[in-house]
């Protein structure tokens, strides 16, 4: 199954025009890409939506992209940065059809709180998953992420870049996504 389209969601402090999401869209052209905003951002609020609201927004955006791109729902790849990637992964775990997940700077846990893991849904991710993160990300080290991702039944690929949670290596991140998409 090859990727028919890609839906990208931003991190909690950003919008659909975050430079990393734009770089990924440019790198994967001509693949149809949708970059979304969450309801709180559309309403001009700074505080992220609760997971049920954000996951519902991912579902709506996924349905709209599938319709506009004219692709099968199972050929849609979803993902994004931090909060956005996490919400996409939760939507897929809840049954949203997908060809794979692109998880950029996945927020495994809050900084300094490794006991507050955000992995409850990992066991339901039976699609290929790409994790691209900074090697010094305070939201989860490479060792932590690799250990906890063992709970994911689908195939998992890791790409580590120099930097932290916002590694500023957009070209490397975008190229990693582009290359990985060719493997689906």
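Of all residues in region 32-61, those being in contact with a helix residue (DSSP H, G or I) (Cβ under 7 Å, 6 or more places away or on another chain), surrounded by 13 or more Cβ atoms within 10 Å (Cβ to Cβ) and closer than 26 Å to residue 133 by Cβ number 15. Counting only residues that are touching a residue at least 60 places away in the same chain (Cβ under 8 Å), part of a loop (DSSP other than H, G, I, E, B) and closer than 17 Å to residue 34 by Cβ, region 78-115 holds 1 of them. Taking the criterion of being out of contact with any strand residue (DSSP E or B) (no Cβ under 8 Å at 6 or more places or on another chain) and touching a residue at least 40 places away in the same chain (Cβ under 8 Å), the only residue of region 27-53 that qualifies is 27.
Among the residues here, residue 2 qualifies as more than 19 Å from residue 103 (Cβ to Cβ), more than 16 Å from the chain's Cα centre (by Cα), outside any helix (DSSP H, G or I) and in contact (Cβ under 8 Å) with a residue 60 or more places away in the chain. Taking the listed residues 68, 75, the one that is more than 15 Å from residue 12 (Cα to Cα), surrounded by fewer than 23 Cβ atoms within 10 Å (Cβ to Cβ) and touching a residue at least 40 places away in the same chain (Cβ under 8 Å) is 75, with no other qualifying. Every residue in region 116-130 that is in contact (Cβ under 8 Å) with a residue 12 or more places away in the chain and either over 18 Å from residue 5 (Cα atoms) or not in a strand (DSSP E or B) (or both), please. 117, 118, 119, 121, 122, 123, 124, 125, 126, 127, 128 - these are the residues of region 116-130 that are in contact (Cβ under 8 Å) with a residue 12 or more places away in the chain and either over 18 Å from residue 5 (Cα atoms) or not in a strand (DSSP E or B) (or both).
Only the coordinates and a few stated rules stand behind these numbers; no lab work does. Quantities reported herein were computed from a predicted structural model and do not represent experimental measurements. Using ideal geometry, Cβ is built from the backbone for each residue, glycine included, and neighbour counts are taken over all protein chains shown.
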